[in-house]
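Here's the structure we're looking at; comments come further down.
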Amino acid sequence: MAPEPEAWKSARMLTRFLAMAAPALLVCCSTNPPSSEALFWVQQSLATDTAPARTSAGYELITFDGNVRQRTVVPSTGECLLEDPSTRVGFTPGVNKGVATFRGGALPADGLRVMPEHVTDHPLVVETQGWQGGERLDFDETGFRGLVKHELTLTAPSSTVEIRSPAPDASKPLHVSLRDELRFEWTPTDARLLVELQTKKGDERRMVTCFFEGSDGVGVIAAGGAGMLPTADGVETTGRLSIHTHAQTSVDEGDWRVYVIASTVLMARDFVSE
């Protein structure tokens, strides 16, 4: 689970503003980014022939007190980064109180309550679909380490987008070449599309995270881009590909940036690359 970097969002907004404001001259000043980042997330997986619908929620500290995340830009038609997930903090032992709650859509009437033990690797899970898409989702948080009380809203991402390529059949691994161009296609949507690929070589794990405009209906990682993922020499490399619709909001408060994310898993498949 990864948030879209605020720099990308700001760049898109600035580009649109300049297009409307030209030929006026815009001078802007930058400020230092927060030194710590927290991510609270809710994610739904739709029902299949073999599994019920599930909605999960959790949190993690991405950065804390200025630790550096290792990220590299990956060439694509969207916005892609290669990241070493081990450089995220995960959680801090001092987080032993606090509660964050997601409400709205088809979530339980009393909401999904994220407690300190619900870190990303051990999330809260309920067997129900959380939303259809377009509903208002409310989030409130209080008491987590270093954070003041926050109340935010976002629009639930679509759950009806169809993935056209690659085929969403998860009954067998997908065969891909990470050295070649990777192309993803879907029915156009107003939501942002999040594509994640992960591989592991020994103890080395890397993840490529891409954000594409849903209205384009297609996203491409350039040849060689996914080849930046770790692979095993001369043998097959296995990994995981997932595609989601994605909604996000955030707030800066003192030394903290708080991201709140909602996503719908449209496809999740193991892959094999030679």
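If you check T231, T238, T245 for being touching a helix residue (DSSP H, G or I) at 6+ places or on another chain (Cβ under 8 Å) and of a type in the set (S, T, N, Q), only one passes: T245. Does L26 satisfy the criteria of being more than 25 Å from S158 (Cβ to Cβ), modelled with pLDDT under 95 and outside any strand (DSSP E or B)? When the stated conditions are applied, L26 passes them.
If you go through the range 137-174 and keep only what is closer than 23 Å to V114 by Cα and over 19 Å from the mean Cα position of the chain (by Cα), you end up with D140, E141, T142, G143, F144, R145, G146, L147, V148, K149, H150, E151. The set of residues in the range 218-238 being touching a strand residue (DSSP E or B) at 6+ places or on another chain (Cβ under 6 Å) and free of Cβ contacts under 8 Å to residues at least 60 places away in the same chain consists of P230, T231, A232, E236, T237. Against the numbered list (1) aliphatic (A, V, I, L, M); (2) closer than 19 Å to V119 by Cα; (3) modelled with pLDDT under 75, M20 comes up short only at (2). Considering only residues in the range 39-61 that are of a type outside the set (A, V, I, L, M, F, W, C) and out of contact with any strand residue (DSSP E or B) (no Cβ under 8 Å at 6 or more places or on another chain), the one that is surrounded by the fewest Cβ atoms within 10 Å (Cβ to Cβ) turns out to be D49. Pairs are defined by a Cβ separation below 7 Å, a sequence spacing of at least 6 or placement on different chains, a first member in the range 60-88 that is closer than 22 Å to D252 by Cα and in a strand (DSSP E or B), and a second member that is modelled with pLDDT of 75 or more and among the β-branched types (V, I, T); the pairs so defined are E60/V119; E60/T120. Among the residues of the range 224-237, is any surrounded by 22 or more Cβ atoms within 10 Å (Cβ to Cβ), within 19 Å of the chain's Cα centre (by Cα) and modelled with pLDDT of 95 or more? No: the range 224-237 contains no residue that is surrounded by 22 or more Cβ atoms within 10 Å (Cβ to Cβ), within 19 Å of the chain's Cα centre (by Cα) and modelled with pLDDT of 95 or more.
Return the only residue of V176, V251, V272, V208 being within 26 Å of T55 (Cα to Cα), out of contact with any Lys or Arg (no Cβ under 9 Å at 6 or more places or on another chain), touching a residue at least 40 places away in the same chain (Cβ under 8 Å) and of a type outside the set (D, E, K, R). Don't jump to the end; show me each part of the working.
Details: V176 fails: within 26 Å of T55 (Cα to Cα); V251 fails: out of contact with any Lys or Arg (no Cβ under 9 Å at 6 or more places or on another chain); V272 fails: within 26 Å of T55 (Cα to Cα).
Residue meeting the stated conditions: V208.
The values are calculated or read from the model by the stated rules, or taken from the named source; none is laboratory data. Everything quoted here is computed from the prediction, not taken from an experiment. A quick note on method: Cβ atoms are made from the backbone with ideal geometry, for glycine too, and the neighbour counts reach across all protein chains shown.
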